1. In the list Val142, Val164, Val186, which residue meets the criterion of being in a helix (DSSP H, G or I) and at pLDDT 90 or above?
2. Please enumerate the residues belonging to the range 72-90 that are under 24 Å from Gly141 (Cβ atoms) and open to solvent by 40 Å² or more (accessible area, probe 1.4 Å).
3. Which members of the range 30-57 meet the condition of being under 15 Å from Ile98 (Cα atoms), open to solvent by less than 50 Å² (accessible area, probe 1.4 Å) and either in contact with a helix residue (DSSP H, G or I) (Cβ under 8 Å, 6 or more places away or on another chain) or among the basic types (Lys, Arg) (or both)?
4. Take the residues in the range 91-112 that are within 20 Å of Gly38 (Cα to Cα) and hydrophobic (A, V, I, L, M, F, W, C); name whichever of them is surrounded by the fewest Cβ atoms within 10 Å (Cβ to Cβ).
5. Kindly evaluate Ile27 against the criterion of being aliphatic (A, V, I, L, M), in contact with a helix residue (DSSP H, G or I) (Cβ under 6 Å, 6 or more places away or on another chain) and either assigned to a helix (DSSP H, G or I) or modelled with pLDDT of 95 or more (or both).
6. Go through (1) modelled with pLDDT of 95 or more; (2) part of a helix (DSSP H, G or I); (3) under 15 Å from Gly49 (Cα atoms) one by one and return the number of the condition Glu111 breaks.
7. How many residues does the range 113-141 contain that are of a type in the set (A, V, I, L, M, F, W, C), touching an Asp or Glu at 6+ places or on another chain (Cβ under 8 Å) and buried (at least 21 other Cβ atoms within 10 Å of the Cβ)?
Amino acid sequence: MYVKVFKRFFDVVFSIILMPFFLILYIVVGIAIKLDDGGPIFYCGERLGRYGKPFKMYKFRSMKVNAPDWRLEDGSTYNAEDDPRQTRVGKVLRKTSIDEIPQLLNIIKGEMSFIGPRPDPIDWLERYSDEDKALLNVLPGVTGYNQAYFRNSADGYEKTKNDVYYAENVSFIMDLKIIFKTIVVVFSRKNIYKSEEDLGREKVN
């Protein structure tokens, strides 16, 4: 009942409440991005949605236009403080997680939830085992179990395992804990970037 009814109800209500904040932020961040390099304000990446259905996930663009897609050996995104693909404004957006706020639009469209597994690139579907696909039974989220407790410190394999755990145990109490933990992590700026050990892995373009 919680997942089918109340979770979606909360998503819609809070999205509508936060929409004026998003519109103000869109103006401020949009001007900053345009002044920085003149490129588009949004980045729309294709991601795996519920039941494996692809959708376009919105973010404020933090990378240079046509930046290459760098991955680590485990398939996770290359993420470092000195990443040369980031714009000057993008570094601030990443550190504060402001780049994720446009996903309010995805929530209103029913493609995402405030809380759920972070959506993977569509090519990850081939990597999932039958057990891993359980994470596709819930809507992907703006934040989730991984982001609250590990942020970017977990590798791709750990992330998938944690997402499956969330999908199989989702509850109102768990979501509430994730919300408060996410707030603490964002303001403490913990695990924003991959560890030196992780970044030492082979980078794949």
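The values are calculated or read from the model by the stated rules, or taken from the named source; none is laboratory data. Quick caveat: nothing in here was measured; it's all calculated off a predicted structure. Here Cβ is always computed from backbone atoms with ideal geometry, including for glycine, and neighbour counts include all displayed protein chains. Accessible surface is based on the protein model in full, side chains and every heavy atom, while ligands, DNA and RNA are left aside. Shrake-Rupley method; radii C 1.70, N 1.55, O 1.52, S 1.80 Å.
1. Sole residue among the options that is in a helix (DSSP H, G or I) and at pLDDT 90 or above: Val164.
2. Within the range 72-90, Thr77 is the sole residue that qualifies.
3. Ala32, Ile33, Ile41, Met57
4. In this case the residue turns out to be Val92.
5. Considered against the rule, which asks whether it is aliphatic (A, V, I, L, M), in contact with a helix residue (DSSP H, G or I) (Cβ under 6 Å, 6 or more places away or on another chain) and either assigned to a helix (DSSP H, G or I) or modelled with pLDDT of 95 or more (or both), Ile27 comes out as no.
6. (2)
7. Result for the range 113-141: 4.
Table: residues versus (1) closer than 15 Å to Met112 by Cβ; (2) touching a strand residue (DSSP E or B) at 6+ places or on another chain (Cβ under 8 Å); (3) of a type outside the set (A, V, I, L, M, F, W, C).
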position	(1), (2), (3)
Met1	no, no, no
Tyr26	no, no, yes
Val29	no, yes, no
Arg50	yes, no, yes
Lys53	yes, no, yes
Tyr78	no, yes, yes
Asp82	no, no, yes
Thr87	no, yes, yes
Lys95	no, no, yes
